[in-house]
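The values are calculated or read from the model by the stated rules, or taken from the named source; none is laboratory data. The model shown is predicted, which means the values in this text are computed figures rather than measured ones. Reconstructed Cβ throughout: ideal geometry from the backbone, glycine too, with neighbour counts over all protein chains shown.
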Amino acid sequence: MTSNAVTADLALEAPPDRSPGGGGLRALLPRRPGKLLVGLSISAVIVVFAVVGPLLADDPLRIRDIGFTPPGAEFWLGTNQKGQDIFAQVALATGNSLIVGVLVGLLTLLLSALFGIVGTFLGGVVDEAFSLLSNIMLVIPGLPLLMILAGYIEERGILVIAIVLAITGWAGSARVLRAITLSVRSRDYVAASRVSGERTWRIVAVEILPNLLPILASQFIFGVIAAILAEAGLSYLGLGVVDDYTLGRILNEAQMGGALRAGAWWWFIPPGLIIAALGAALSLINFALDEVVNPKLRVQPVHKTGRTRTRRQAVSVS
């Protein structure tokens, strides 16, 4: 790279924020919060639907002699082949899918933090053992292992499926956190805490974790997305939750009930749209968090040309 190229890159760098209140919490927010606002808005609508929908709907298990009734004033999303209210099932299933996603996100975050942060900071045999276990879990194919575990468990409730998904999905996040912790633990302030005699748990909780909060939040959102999609796939294959409704189970029942042959689009399109909208909303939130973690992804305006360019970090030239 020539010196002219470096000068051009430096010209694209936005000036530092010197306005009052430019630091603090504003430093943790993306410069252009459009993706974050859109993602939060869509997620809020889905959460409100999951909370309020079951209160407005009838019993989702009630069977009526009006199979395959199209959407109307009485049944907002129509009925299935048994005459059951699909709106009630979708509202209940949305809440259950969200519960599975949040549970898996929390369990995955705890496991990845244990194996990726605590083990790496302790080092030695503990770090080697945790790293070996993470590598083994990464080598084993996730989907076949998930199907085997779910197939051997007969009583597959929401908590059981969440535990199975967390066991098979923590290794990737742990490897990312391990790489970052290796860099953070060599910083001067961590070394100063060790020299001053601070306890290990306090160094991890006070010195290391605050620097990893944006990454942990991004890992949590990613875990929720992966869990919702994995649960939907398992339920669609008949290996998901058996004692309650989820979005994947509705898709499975629609397939088994001949909804496509009967032209009952209202049975399988609404749950599919909710899965797609929820995945897109959480992805937008995750992209916004990535801008906080990686400043290279931030887009800064170039006032002279009126165009926007991706902010690039300057590099040193010999």
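One table, with the values for the structure above:
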{"read-out": "Number of positions in the stretch 134-144 that are assigned to a helix (DSSP H, G or I) and at pLDDT below 80", "value": "2"}
{"read-out": "Filter result for GLU155 (acidic (Asp, Glu), in a helix (DSSP H, G or I), farther than 15 Å from VAL104 by Cα and modelled with pLDDT under 90)", "value": "no"}
{"read-out": "Hits in the stretch 81-103 (condition: farther than 26 Å from GLY67 by Cα and either of a type in the set (A, V, I, L, M) or assigned to a loop (DSSP other than H, G, I, E, B) (or both))", "value": "LEU98, ILE99, VAL100, VAL102, LEU103"}
{"read-out": "Of the criteria (1) of a type in the set (A, V, I, L, M, F, W, C); (2) more than 19 Å from GLY151 (Cα to Cα); (3) touching a residue at least 60 places away in the same chain (Cβ under 8 Å); (4) surrounded by fewer than 21 Cβ atoms within 10 Å (Cβ to Cβ), which one VAL224 fails", "value": "(4)"}
{"read-out": "Qualifying residue in the stretch 181-198 (condition: within 16 Å of GLY116 (Cα to Cα), in a helix (DSSP H, G or I) and of a type in the set (Asp, Glu))", "value": "no"}
{"read-out": "Subset of the stretch 231-254 (residues that are surrounded by 24 or more Cβ atoms within 10 Å (Cβ to Cβ) and closer than 20 Å to ILE163 by Cβ)", "value": "GLU231, ALA232, LEU234, SER235, GLY240, VAL241, THR246, LEU247, GLY248, ARG249"}
{"read-out": "Whichever residue in the stretch 58-102 is over 30 Å from ILE167 (Cβ atoms), out of contact with any Leu (no Cβ under 9 Å at 6 or more places or on another chain) and of a type in the set (Val, Ile, Thr) and, among such residues, is modelled with the lowest pLDDT", "value": "ILE66"}
